[in-house]
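Nothing in this text is a laboratory measurement; each read-out follows from the coordinates by a stated rule. Here the structure is a predicted model, which means the values were calculated and not measured. Virtual Cβ from ideal backbone geometry, glycine too; neighbours counted across all protein chains shown.
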Amino acid sequence: MYVVVMGENKTPRSIRMACDKFVTLENLIDQDDNGGNSRKKKDSRKNPEALTRVFVNKVISDIIADNANNGRQTHLGELGSKLVAIYPDFDTRNYGYSSLSRMIEETGEFKLYKNANAYYVTMRESGEDVYSFAIRTIKGEGPEGLDIGELSNRIHAEYPSFSPKAYGYSQFQKFVSSVPGARIFAEGNTKKVVLEEQ
């Protein structure tokens with residue numbers, strides 16, 4: 001028998017784990033109050049027993065690694081199902097996200113990609129971050145440099161949640177100037193960036 005339990009944030013962990021699916025009533029109320037948009041401040045729900053985001057990321061990593069060891073890709077739907085099977089009270093709304101795909105996209109640890117008509121999740125390459133991606137992308141263009149607008153497009157394609165503000169910069173150009181070895185120059189009406197030899 002498939003058992004669904006609905007309760008408040010204060011519902012004890014033992015009850016949450018004793019069912020197949022636990023639904024937090026506050027999430028449903030928030031969704032209804034916001035006209036279907038459950039996006040709120042991530043710390044707005046005070047539940048000491050809720051799974052921490054760091055722990056959830058560790059579980060996701062383990063699921064992806066287990067599939068990789070068996071020569072399989074990790075389908076986004078499969079990932080969601082396994083998370084709920086392991087933790088019946090798992091709900092992306094507890095972390096301020098309306099969907100699992102958005103939660104995956106906004107973490108720096110995982111990469112969401114499309115294959116045919118399905119979405120899959122994989123680990124980002126170790127050491128891969130926005131800076132190293134930017135350096136590699138600029139370097140690939142050689143001494144002619146790369147248009148800053150094109151660099152922005154490529155970074156956003158690879159890191160959909162990227163924002164220069166997360167790195168302490170108000171504008172993308174200021175972020176680019178902080179990339180090690182990057183030099184910005186004007187060419188006609190456009191600005192380009194080139195990587196100087198270190």
Set LYS114/LYS165; LYS139/LYS165; LYS10/LYS111; LYS111/LYS139, cut-off 31 Å on Cα-Cα distance; pairs above it are LYS10/LYS111
From the Cα centre of the range 56-107 to that of the range 133-198, the distance in Å is 32 Å
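Can you sort MET6, MET123, MET103 by how many other beta carbons sit within 10 Å, fewest first?
Values: MET6 12, MET123 15, MET103 21.
If I rank by nearby Cβ atoms, fewest first, I get MET6, MET123, MET103.
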GluC sites (Glu not before Pro) restricted to DSSP loop in the range 52-139 with at most 10 other C-beta within 10 Å: GLU125
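Any chance you could run the full-extension gain for GLU109 through ASN70? It's 0.36 nm times the residue separation minus the Cα-Cα distance, nm to one decimal.
Working: separation 39, 0.36 × 39 = 14.04 nm, distance 2.08 nm.
Working it through step by step, the gained length comes to 12.0 nm.
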